[in-house]
1. At q = 0.12, 0.20 Å⁻¹, what log₁₀ I(q)/I(0) does the range B:17-91 have when each alpha carbon counts as one equal point scatterer in the Debye sum?
2. Indicate, rounded to the nearest 5 percent, the antiparallel portion of the DSSP beta bridges found entirely in chain C.
3. Take the Cα gyration tensor of chain C, multiply each eigenvalue by 5, square-root it, and list the three semi-axes largest first, rounded to whole angstrom.
4. Taking θ as phi - 60°, what are the ³J(HN,Hα) couplings along the range B:98-109 by the Karplus curve (6.51, -1.76, 1.60), each to the nearest whole Hz, with x for Gly and Pro?
5. Exposure proxy check: A:LYS2, C:LYS168 ranked by fewest other beta carbons within 10 Å?
6. Give me the dipole magnitude in Debye, nearest 20, for the protein assembly as shown about the Cα centre, with unit charges on the beta carbon: positive for Lys and Arg, negative for Asp and Glu.
7. Can you sort B:THR31, A:THR74 from fewest to most other Cβ atoms within 10 Å of each residue's own Cβ?
8. If one computes the Cα centroid of the range C:206-262 and of the range B:22-95, what distance in Å separates the two points?
Amino acid sequence: MKIIVAGKGGVGKTTISGTIARSLARSGHSVLALDADNNPMLGISLGVGPERTDELGTLRQALESGEVAHQPSTAGAIETFGTDAPDGVRLVVLSRIDRADPG
Amino acid sequence: MLGELEGDGKTTICDSEAGVATLLRLQPGQTDIVLVVAQPGAKSLDVARRAIELAPEDTDLLVVANRVRDQADLEVIQTAVGNRELVVVPEDDAITRAEQEGLAPIDVDSDAPAVRALINLGERLAALSPRGERG
Amino acid sequence: MARAMALRIAVAGKGGAGKSMIAGTLARALARRGHSVLALGTDAMPGLTHSLGAPQSLEPALADAVEPDGRRWRLKKGIGPVRAVQRYATTAPDGVRLLDCGTPAGRGADPVYASISAFLQVIHRLEDAHTFRDWTLVGDLAAGPEPAAVNSAPYADTWLVVVEPTWKSVLTARRIARITRSRAGKSTLLVMNKASDSGLRAAEQMLGERVFAAIPADGAIIEADRAGVAPIDHSPSSPAVHAIERLVEALERASIDRMVKS
């Protein structure tokens, strides 16, 4: 199942996405939470904390600017540009290129 | 990437860019469900209407009415989105506290009204599809 | 007098922090103090129109200013910043001109991208336009750090970074300030919005610095947003509007200080 959460900045998309992700996981789903925002804050709403969230943001910036290379495989991307959140949720930050990929 | 993940039994939930940019780039088959989040304010409703227009035709769409204080707030959102079901998430101090502390709302108070509403929505979505294997 | 002191302000911050509200109210307040104000709605999302109390934009749409150029767009012949403002800007109360990306009708991405492209090309040529030399420019930027990273406000000498007392907002503000402070000749000022006494203290601790100005949490602003009316029209005597008027005075003083020092 693939869900996308949309809306104006500041309406609560991230808070809502994070809470639903945790709930889906508690309901037994294996959840991948994808942060497509160019200012990724989903980590906070998932419960990984401000520091780790800030680190992921910096990593994404490095990816966008070319300082850090893209991963050739999906598994590699999930490993490198992600972090574990509570309830078994895996959080991954996406760059512009990932978002354009029809997968 | 998304197709590969779904094959592995993963459920993906994507927090998109502010606005409609992510929706604009979606290819067919990339999404099953679009959740459009709206608050009872003019700017938010303008974007919500636009997002509803732009959502791909092969997806299910739900409108989440967030930070609703009263019937008037509910009505202004319902009017803006037309004849669609609204999932209502009330204004809730627990969410405010979570944002200030940098914590997940579900960890601050899973019984708070807004958090319960979101947990219920998660459970409803979970039931829509066969679940993936957990770890 | 105020007219001699053209300000060049870009308002940045996390989505929902209150950029449009602050930019719009600032623009109106500046105009009331004698500035000729051009407000720039750099965000493809609506916001500035509501906060300025500007009329909804009629035809022609800004996307008309450009024509396809391979995979991009270029400004049509004869259209530069002056003509673009003449033709496509709306007029808000107090004589504020508003040039906005707008929300073009029709499905699909093209009209949106054309509009944004037109807008950015006009912005980049604003600084060279003699006509606007004495105008005050107030830009309402898109959410997050990206506008700072790509410098979508080349006209700005002052970046107002709007921050709320939340970690998401603070992380965003820190990221933006790191970027804008690395550029010479720009002033970066943190403005706290929706501030309470405890929220202000908490935010300054998270930020690791004091803010330049604080705009109090104000129910009247929420009401104005729900009514779709500009705050300065809806509740001109409210605490937040007064705080923004004081911010205008502080920005004018800061601008004089910079001129005196240079």
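Rule-based calculations on the coordinates, nothing more; no lab input. Quick caveat, the model's predicted, so the values are computed rather than measured. Note: ideal-geometry Cβ built from the backbone for every residue, glycine included; neighbour counts use all protein chains shown.
1. Cα-only, vacuum Debye calculation for the range B:17-91: -0.31, -0.81.
2. Taking every DSSP beta bridge within chain C, about 20 percent pair in antiparallel fashion.
3. Semi-axes (√(5λ), whole Å): 28, 20, 19.
4. Ordered by residue, 3J(HN,Hα) equals 4, 5, 5, 8, x, 10, 6, x, 5, 8, 6, 6 Hz.
5. Ascending number of Cβ neighbours within 10 Å: A:LYS2, C:LYS168.
6. It works out to roughly 1620 debye.
7. A:THR74, B:THR31
8. With the range C:206-262 and the range B:22-95 each reduced to a Cα centre, they are spaced 30 Å.
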